[in-house]
Amino acid sequence: MAMLEVEDLKIYYEVIGGDVKAVDGVYFDLEKGEALGLAGESGCGKTTAALGILRLLPSNGRIAGGKILFEGKDLAKMSEESIRKYRWKRISIIFQGAMNALNPVIRVGNQIVEAILAHENVTEQEAWRRTEELFEMVGLDPERAKDYPHELSGGMRQRVMIAMALACNPDLVIADEPTTALDVTIQAQVLELMKKLQKELNLSLILITHDLAVIAETCNKVAIMYAGKIAEYADTYTIFKKPLHPYTRGLIKAVPSIKGTKEKLVAIPGSPPDLLYPPPGCRFHPRCKYAKDICKEKEPELTEVAPGHYASCHFVDEMKNIPF
Amino acid sequence: MSDDDVEMAPWKRKVKGFWEAFKRSKLGMTGLILLLIFLIIAIAAPIIAPYPVYGPESRVGIPFEPPSNEHWLGCDELGKDIFSQLLWGTRVSLFVGFLAALMATFIGLIIGIVSGYFGGVIDDLLMRITDIILVIPGLPFMIILAAVLGPSIINIVFVIGILGWTGTARLIRSQVLSLKERPFVEAARAAGASDAHIMFKHIMPNVMPLAFAQMILGVSGAVLSEAGLSFLGLGDPTHISWGMMLHYAYEFGALHIGAWWYVIPPGILITAVVVAFTFMGYAFDEILNPKYRRRR
Amino acid sequence: MENKTVIKVENLRKWFPIRRSFFATLFSKEELYVKAVDGVDFEIKEREVFCLAGESGCGKTTTARTILRLVEPTDGKIYFDGDDITHLKTKELKPYRIKMQIIFQDPYESLNPRLSVFDIVSEPLQVNKLYESQRELKEKVATALEEVELIPPERFMYRFPHELSGGQRQRVAIARAIITRPRFIAADEPVSMLDVSIRAEILELMDRFKREFNIAYLYITHDLSTARYVSDRIGIMYLGKIVETGNIDKVLDDPQHPYTQALISAIPVPDPTMKRKRVILRGEPPNPIYPPPGCRFHPRCPYAKDVCKEKEPEMVKVGEEHYAACWLLS
């Protein structure tokens, strides 16, 4: 059994006018030491799915169904008290824009020490020693632990956030757009660091991003989400080289590359649906150039088309014959 | 959004959207219903008041007559019907409240926009004036000004309005400071728009809701100020207002002789109007203040 | 036929003075400046896209704002169609404003949320009195909306920005930019806030106007991958200066300046089979108030020599349509 298994996860937000089905039947799993990329456009539910794993949803959000099995235990059904034992200690999260959420009037080192003291039964001295180790681990001078957040650059603050996420030796780290706000040269430093730490500490990583290129360079497998559902799920090579779902194909054709031949970029017409009123049938059908009548009526199942390769499309077999 | 909505004129959709949000605010709806009741009373006072309140024929009962079937809330020191006076008093209180708040908001809006948009010396100058007015103790200054100008409703409005704009000006200015840095202002400038065009076409519509909410909140302050000034004897003696009623009640010792029906009802009404506007002001603020609104 | 030069800048500088506290001014007389743009030269021809690329704070956006005279240049010259517009007064600038437009990064921020699409798109015509009647105004707006493929225009004209998707909003911003038939458009990260799947459409739209209306584009971006598909020439900026410039393919496929090399190698590639050698730059760009002496890149440069710390390198020709400023190449 995998370390993390997410099965048919459904997360709805209650708003005026009904439920927004932000996550509506999501599956993926993760072994120890693996890195999974969760990709999709804005509003596809990738962040919600990640927050849902730790049950850190906003007050109008709820898990409406499915299982989140972490080492066989269902986090979705656990009491608030027991899930607190998992947060930070076993599973930690680097929030989107978190580097700007550091408390500006507390030294960064103290913020990590506090986080350690809150979760683990250690003395303050031990916590400080651990903090200094963490700073070295993420490539920061331990002296900088005495700095205030504004004295650090964006890249350094992001390293502090990574140090904080690793403070209690978690097994799984969820990183939500960890490099989006950073410049490319700094992004490269941070991604390199994350790859190194993942290997050294045998961490499992869920990387949430809209940037497929970042996933291609960091992850072993990829789940492509569209409108709250998994469109396609496979190892990284298959997703980028032999995708079957029309959405995945469209997305990859739309991503520019700094290397290789300059093929024309092709947009996917239209824009993602309003999840308060998702289209019937396959949610991608209004934008899909292969859509037939059945796509408007029946929702496709996520099916295994090859070992480890899943796609949810009625015409997945036909797609095999259409060259990418 | 349905297709019908798109066909509607833009302002109609704005109003509709606002109303949809306002309807959901319990606080706001309570305030609105209260206000509507007061408005009806103010308009219909001559019809619904059981007795006249001006002139010699208004002396319809015995001085300090306690509440009875003929006089629901008794009579004052001259034997005038208090219930009828309360109904008539609504007019002056609302009139002064609205007009003074309108004046204060208008001054605050213009000063806030000009100050925030131009910045520099103009901003420094206008903000120092604002500071000076802000630190002047309000009530004593109002008393002096009202005493100098003489007792009339318009003077009361003027006194309240001229002192009440500082908060609005500061609030609007801070909003303008952030608005003028937004790219849409730069886009307008790149298109060749003048300062006046940018201020009135781009900045003003964005601060109007805030100014509106400020005005509604301002009404309750103005109603209170009017009551205070009138209570101190600086009101217009030719018109009945709740403050004036309290003034006469105090002057003729209504409390000493236990004529509670002369003191408590005006107090309750002043409180009710203030509460109504405050509730609405909060509701408006919540809907219209960009600070509370999330991007979709 | 040779295309005409539309925009030309020479030695452009924009220094922002720093507001200092009262006490600081007591102790030192020295005026401090953020040297956002510090000596930039380039020209853009008709139907040409010149890309100005670099990391945040390198001065690329300030360059565009200075050319459009949204901020006052500190030094240097700006020519539009051969006319020196560097120091024109507001009134004298008006005829040029019509011909120069800007598209911003964030379509949520660049459209006034309180104005309808009609008000937004018609604004350049309204403030410059470029219409005879309301009817004509409405027709022109309708045409512009059709040109940006918001069809039918009547369905979009009276909507508000929040009722549109991100892509539609950016189309509205483009409609506003092209309605006066400009000769020059500065596009500041026009697609970076949009979802990947719709970026290509917006870029295609811009490309079409370039060909139809002979527009010269200044394309500002941090995203070299996208720039590669839309630009003809590129200038790589670092700390207020262009360090390498030339034909887009030549610069990106065979970068000569160490900074350009590092920048390109840092960009992730959406292809898991492509293994590349990565130059990881140390540190972060220095403070633009105190740029390092000599070559500005030397503190982070893996190949820095003594001369780099002392003298600023000149721009030298390194190939056909390809220039770079580095002591290694001189």
(message) Looking at (1) over 30 Å from B:D285 (Cα atoms); (2) within 14 Å of another protein chain (Cβ to nearest Cβ), which one does B:E20 not meet, given that it meets all the others?
(response) (1)
(message) Conditions first: (1) of a type outside the set (D, E); (2) in contact with a Lys or Arg (Cβ under 7 Å, 6 or more places away or on another chain); (3) open to solvent by less than 40 Å² (accessible area, probe 1.4 Å). A:A64 passes all but one, so which condition is the exception?
(response) (3)
(message) Quick check on this structure: which one of A:P273, A:P279 is assigned to a loop (DSSP other than H, G, I, E, B) and either crowded, with 23+ Cβ neighbours inside 10 Å or under 23 Å from the mean Cα position of the chain (by Cα) (or both)?
(response) A:P273
(message) Which residue is farthest from C:F50 (Cα to Cα), if the candidates are limited to region C:318-327 and must be open to solvent by 80 Å² or more (accessible area, probe 1.4 Å) and modelled with pLDDT under 95?
(response) C:E320
(message) Between C:K241, C:K309, which is crowded, with 18+ Cβ neighbours inside 10 Å and more than 14 Å from every other protein chain (Cβ to nearest Cβ)?
(response) C:K241
(message) Which count do you get for residues in region B:42-67 that are more than 17 Å from the chain's Cα centre (by Cα) and open to solvent by less than 40 Å² (accessible area, probe 1.4 Å)?
(response) 7
(message) Going residue by residue through region C:268-290, is there one that turns out to be assigned to a helix (DSSP H, G or I) and either more than 9 Å from chain A (Cβ to nearest Cβ) or open to solvent by 30 Å² or more (accessible area, probe 1.4 Å) (or both)?
(response) no
(request) Could you figure out which of (1) over 18 Å from B:I107 (Cβ atoms); (2) touching a Gly at 6+ places or on another chain (Cβ under 8 Å); (3) of a type in the set (S, T, Y) isn't true of B:S152? (result) (2)
(message) Give me the helices (runs of 4 or more DSSP H) completely within region B:163-266, filtered to those with at least 2 residues that are within 28 Å of B:Q85 (Cβ to Cβ) and among the hydrophobic types (A, V, I, L, M, F, W, C), ordered by residue number.
(response) B:204-231, B:242-251
(request) Out of the residues in region C:80-135 that are more than 7 Å from chain B (Cβ to nearest Cβ) and basic (K, R), state the one that is nearest to C:Y217 (Cα to Cα). (result) C:K99
(request) Go through (1) at pLDDT 95 or above; (2) outside any helix (DSSP H, G or I) and name the single condition B:P151 misses. (result) (1)
(request) Collect the residues in region C:252-267 that are not in a helix (DSSP H, G or I) and not charged (D, E, K, R), keeping them in residue-number order. (result) C:P255, C:Q256, C:H257, C:I267
(request) Report, ordered by the first and then the second residue, all pairs with beta carbons closer than 6 Å, sequence separation of six or more or different chains, a first member in region B:128-153 that is farther than 25 Å from B:F95 by Cα, and a second member that is surrounded by 12 or more Cβ atoms within 10 Å (Cβ to Cβ) and among the polar types (S, T, N, Q). (result) B:T130/B:T166
(message) Just to be sure before I move on: is C:D253 open to solvent by 50 Å² or more (accessible area, probe 1.4 Å), within 13 Å of chain A (Cβ to nearest Cβ), of a type in the set (D, E) and out of contact with any Lys or Arg (no Cβ under 8 Å at 6 or more places or on another chain) in the structure I sent?
(response) yes
(request) Can you tell me which residue among C:I174, C:I179, C:I198 is within 14 Å of chain A (Cβ to nearest Cβ) and either in contact with a His (Cβ under 6 Å, 6 or more places away or on another chain) or among the aliphatic types (A, V, I, L, M) (or both)? (result) C:I198
(request) Provide a single number: the residues in region C:50-75 that are in a strand (DSSP E or B) and open to solvent by 10 Å² or more (accessible area, probe 1.4 Å). (result) 1
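The values are calculated or read from the model by the stated rules, or taken from the named source; none is laboratory data. Computed from a prediction, not measured in an experiment: that's the story for all the values here. For neighbour counting, all protein chains shown are included, and Cβ atoms are generated from backbone atoms with ideal geometry for every residue, glycine included. What goes into the accessible areas is simple: the full protein's heavy atoms, side chains included, and nothing from ligands, DNA or RNA. Shrake-Rupley method; radii C 1.70, N 1.55, O 1.52, S 1.80 Å.
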